[in-house]
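What follows is one structure encoded as structure tokens, with my remarks underneath.
None of the figures in this text is laboratory data; all of them are computed from the coordinates on show. Just so it is clear, the model here is predicted, and its values are computed rather than measured. Here the Cβ positions follow ideal geometry from the backbone for every residue, glycine too, while neighbour counts run over all protein chains shown.
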Amino acid sequence: RKFVYDFTEGNKDLKDLLGGKGANLAEMTNLGLPVPPGFTITTEACKVYLETGAEPPALRDEVSAHLSALEATMGKKLGQADDPLLVSVRSGAKFSMPGMMDTVLNIGLSDASVAGLTQQSGDERFAWDSYRRLIQMFGKTVLGVDGDLFEEAIEEAKQAKGVTVDIDLDAGDLRRIVERFKGIVREETGRSFPQDPREQMDLAVCAVFDSWNTDRAKLYRRQERIPGDLGTAVNVCSMVFGNLGPDSGTGVAFTRDPASGQQGVYGDYLQNAQGEDVVAGIRNTVPLADLEQLDKKSYDQLMEIMETLETHYKDLCDIEFTIERGQLWMLQTRVGKRTAGAAFRIATQLVDQGLIDEAEALQRVNGAQLAQLMFPRFDETAASEQLGRGIAASPGAAVGKAVFDSYTAVKWSRSGEKVILIRRETNPDDLNGMIAAEGILTSRGGKTSHAAVVARGMGKTCVCGAEELEVDTKKRCLTAKSPDGKGRVVVEEGDVISIDGSNGKVYLGEVPVVPSPVVEYFEGRMHAGAEDADDLVKAVHRIMAYADRVRRLRVRANADNAEDAARARRFGAQGIGLCRTEHMFLGERRELVERLILADTDEERDASLNALLPLQKADFVELFEAMDGLPVTVRLLDPPLHEFLPDITELSVRVALAEARKDSNENDLRLLQAVHKLHEQNPMLGLRGVRLGLVIPGLFAMQVRAIAEAAAERRTANGDPRAEIMIPLVGTVQELEFVREEAERVIAEVEAAAGADLKLTIGTMIELPRAALTAGQIAEAAEFFSFGTNDLTQTVWGFSRDDVEASFFTAYLEKGIFGVSPFETIDRDGVGSLVRNAVEAGRATRPDIKLGVCGEHGGDPESVHFFHEVGLDYVSCSPFRIPVARLEAGRAAA
Ligand code: PEP
Ligand code: MG
């Protein structure tokens, strides 16, 4: 194995091996751009080091060979006393982990070579300052010395001299600081600062390897879902200096505006400085455009390079550069991060420029970005006072009165108030409050904290880890710094605040909310073709058109009323994949269901079924009308019946109190009996789904009749109803056969009466492991399968879908047992493999079987790709996620 690559040997596609930085330095080198020469030690070497605790034996010789070549190129040796070659040693993993890992600059300086650097640079102060920086960085990151000790020593020197800024320390001061620093290293580590340049370099390389596994790096990876076993590459690069005088400097640049996508000159420049000075914010940077006045030659060259990079990478690039005495050097480039809106704009701009085609444009955006663009947002033009900023944990714009406990959140929201629940951190006891609140704000915890995980699961706006805000739940208040930084602002219970879950900002008072232009577009209230249409809307329109053109998966909606169906259709739904009929039995109709459950005699039961029939039929007529010409999958009743009855505890108390008062009511007593009879320890595994149809006579027949009669009525009205009847929770083909037989009888009756072939199909959900395992048999009796991945996930994992997210999932996510809840993204290995096998078995039995999915996963970007891969015909999801599913289905096919 080869562990070291010269910059001339790599290329941008070797990110796995060379890390992002190394691969792109190599790419730039090979493009002929001015990159300081150097080499990259591979992630493979890092992996060996992390596994065995030692560098791979071959590494030392390979590094020696590459160092010699570098020295030959540069015409000087590492740390050479009269003219030292100096190098930087920088980490660079496959995925960028900003600030998480180590870097050491100025390797090669020593007591001997500092004189050589003075000579060569003609600047004694610069040489000593560089040496000072090396000992400080090396001491801290390689030798583990507390960085504050160095900072304090500098402070002392400044105080002793009576100055306040580093610049006022002269060469003599810095030389004394170097002596002091060497003393600190000796005192703290029991050894001297290494004078051998090669030893410096080798130790720095190992320190970079080690930094892969620091706590903060591990935490960052968990949050960003970066695998823990990739390792980092190490880049050894000859040093160039931006701090050699006014004709030197350092800067960052973007080839386009990462916020809007606009082409132009974007970036910052700092004269006479090194990269860390920019980060440290010691002096103010100037806009990149000002470089034209300062150094026209370098500016022009940089513009040319930016153009080269854009054309080469065919994407927005961000760049770090340094100018050393009028000579421009490229230190880094990569395809730059951008906002969701810019991603759509840039993708279409690049198509217009002929740099990428439509298929590639689809890969430049994703469903998560589209979802972000669909949230309502705060009106940016409104004046608002920002209190602070936390982590953008779950997007959305929420406004409400501050409350500091769950109880108040629930109480106030019941009385119609909008509230924001503010906690230091949340725990499962806060669940009710979180449900009641418009949004959640915490001062502790990251993207996988309880608040963040639960809020995302509920689709609720959440800002977490806003550490600059002090939350006092006892005093029920939150304290922030005032905008001028001098005073304090106190938010008390009942004060209105606004939180933005897309950028983590927290505001005092009510910030006006405006609807997303992208939703206005999907709703048909804004036309992409209109003269004044938003750029963003035009870009989204084009990308959606590309996606629709190439996707193979159809996209349906989970909808159970005409209003949702109509919206779904506007959003591009090609039918309904799941109409949950239980939603039609709520409200006033609950009483009819209650009577059905309490019925003692056939007459009583028939009476309540007959009362429900016209109501059900009317529902379906509306739904078929809204989806005219498109398939509508109606699922027969699924949930356990106790859901339609009063809560067992409440009812027991009511009956007991009534008995004590001696005025018990006959109906309540009957009800209580029924509640006890239907009470189940584990209702999700109890009397529900097809089991209801088999034990409650007439229930499914009534529903089938309502569907068939509604279809007949729509036909008479010249409509084109395309109903599909779906049986839930089937575990064996026998269950399905019973229901099917009854349904076919009812349909035949209705068809005879209507004199029409209603073309109704009958199929089943595959949502139990046994159904998936025997899908070949089940397909004998099913014209379609719809995978119910919610219940399938629940039963395959043995996770109660209603409880786990609020109980132990946070711990699982924090431990990295899974990166994302299996209820959110399909578990490919477990649940997914059952789906895959059932697809094959179903098609083997019935080649033209129609296959879809209607669990929550149908609208999840990653899962949509999986469903495309296994060859489903459609995914079905909630109306708001339809555009996301269309886009991802297009991306999967492109
Ligand atoms: C499912 O189980 O995936 C499903 C869609 O049905 P429900 O969520 O209604 O149980
Ligand atoms: Mg289900």
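The alpha-carbon atoms of region 249-335, seen along their principal axes, cover 33, 25, 21 angstrom, with the largest extent given first.
Based on the Cβ-Cβ distance from D215 to L669, what FRET efficiency comes out when R0 is 56 Å, to the nearest 0.05? Approximately 0.35, to the nearest 0.05. If you take all other residues with their beta carbon under 12 Å from the beta carbon of E751, and give Lys and Arg +1 and Asp and Glu -1, the sum is 0.
Cross-link partners for K314 among the lysines, with Cα-Cα distance under 28 Å and sequence neighbours closer than 8 places in the same chain left out: K12, K15, K21, K94, K296, K297, K337, K538.
Please identify which residues in region 91-134 have an amide N closer than 18 Å to a label point set 7 Å out from the Cα of A72, following the Cα→Cβ vector. Taking a point 7 Å out along Cα→Cβ of A72, no residue of region 91-134 has its backbone N under 18 Å.
Take the alpha carbon gyration tensor of region 271-415, find the square roots of its eigenvalues, order them as a ≥ b ≥ c, and report rounded if a/c is under 1.5; if not, report prolate when a/b exceeds b/c, else oblate. Judged from the Cα gyration tensor, region 271-415 comes out oblate (a/c at least 1.5, b/c at or above a/b).
Counting beta carbons within 10 Å around each of M28, M684, M765, M97 and listing the fewest first gives the order M684, M97, M28, M765.
Quick one, could you list the DSSP H helices from the chain stretching 24 Å or more along their long axis (Cα atoms) with average Kyte-Doolittle hydropathy of -0.5 or above? Mind showing how you got there, number by number?
On the way: long enough: 171-189 (27 Å, -0.61); 296-313 (25 Å, -0.97); 602-626 (35 Å, -0.25); 699-716 (26 Å, 0.18); 733-754 (30 Å, 0.00).
Helices passing the filter in the chain: 602-626, 699-716, 733-754.
Using 29 Å as the Cα-Cα cut-off, could you pick out the over-long pairs in K2/K218; K401/K474; K76/K161? Walk me through the intermediate numbers first.
Numbers: K2/K218 27 Å; K401/K474 17 Å; K76/K161 37 Å.
From the list (K2/K218; K401/K474; K76/K161), the Cα-Cα distance tops 29 Å for K76/K161.
When a/c reaches 1.5 or more, the comparison of a/b and b/c decides; with that in mind, is region 2-86 rounded, prolate or oblate per its Cα gyration tensor? It comes out oblate by the Cα gyration axes. When Rg and the Kirkwood radius Rh are both evaluated on Cα atoms of region 528-638, their ratio Rg/Rh stands at 1.19.
Work out how much length A368 to E417 would gain on full extension: take 0.36 nm times their residue separation and subtract the Cα-Cα distance, in nm to one decimal.
Working: separation 49, 0.36 × 49 = 17.64 nm, distance 3.06 nm.
Stretched out fully, the A368 to E417 stretch lengthens by 14.6 nm.
Enter the mean projected area of the convex hull around the alpha-carbon atoms of region 4-238, in nm², rounded to one decimal. Orientation-averaged projected area of the Cα hull: 13.4 nm². Rounded to the nearest 500, the helix-only mean residue ellipticity at 222 nm of the chain stands at -13500 deg cm²/dmol, with each DSSP H run of n ≥ 4 adding -39,500 (n - 2.57).
Suppose R0 equals 45 Å; then what is the FRET efficiency for A607 and E492 from their Cβ-Cβ distance, rounded to the nearest 0.05?
Details: r = 57 Å, r/R0 = 1.26.
FRET efficiency, A607 to E492: 0.20.
Neighbour counts of C-beta atoms inside 10 Å place E156, E805 in the sequence E156, E805, starting with the fewest.
Determine, for C854, C462, C206, the number of other Cβ atoms within 10 Å of each Cβ, and report the residues in order from fewest to most. Intermediate results must be reported in sequence, preceding the final value.
On the way: C854 28, C462 32, C206 17.
Lowest count first: C206, C854, C462.
Shape class of region 358-514 from the Cα gyration tensor (axes a ≥ b ≥ c, square roots of the eigenvalues): prolate, since a/c reaches 1.5 or more and a/b is larger than b/c. Once the chain from T761 to A618 is taken as fully extended at 0.36 nm per residue, the excess over their C-alpha distance is 49.5 nm.
When Lys and Arg each count +1 and Asp and Glu each count -1, what net charge do the other residues less than 13 Å away from K182, Cβ to Cβ, add up to?
Numbers: positive: R132, R175, R176, R180, R186, R191; negative: D111, E179, E187, E188.
Net local charge, K182 excluded: +2.
Between A717 and E563, the contour length at 0.36 nm per residue exceeds the alpha carbon distance by 53.4 nm. A Förster distance of 22 Å, applied to the separation of the beta-carbon atoms of E591 and T649, puts the FRET efficiency at 0.60. Other residues with beta-carbon under 11 Å from the beta-carbon of D860 carry, at +1 per Lys or Arg and -1 per Asp or Glu, a net charge of -3. Loop sites by DSSP among the trypsin sites (Lys or Arg not before Pro) of the chain, restricted to those with at most 11 other Cβ atoms within 10 angstrom, leave 192-473 as the longest stretch without any of them. Around the amide H of I766, modelled in the peptide plane, lie the amide H atoms of S786, F787, G788, all under 5 Å away and 5 or more residues distant in sequence or on another chain.
Taking every DSSP bridge with both residues inside the chain, close to 65 percent are antiparallel. Remark: the chain projects, on average over all directions, an area of 44.6 nm² (convex hull of Cα atoms). The value given for region 67-171 is a Kirkwood hydrodynamic radius of 15.4 Å, derived from the mean inverse Cα-Cα separation.
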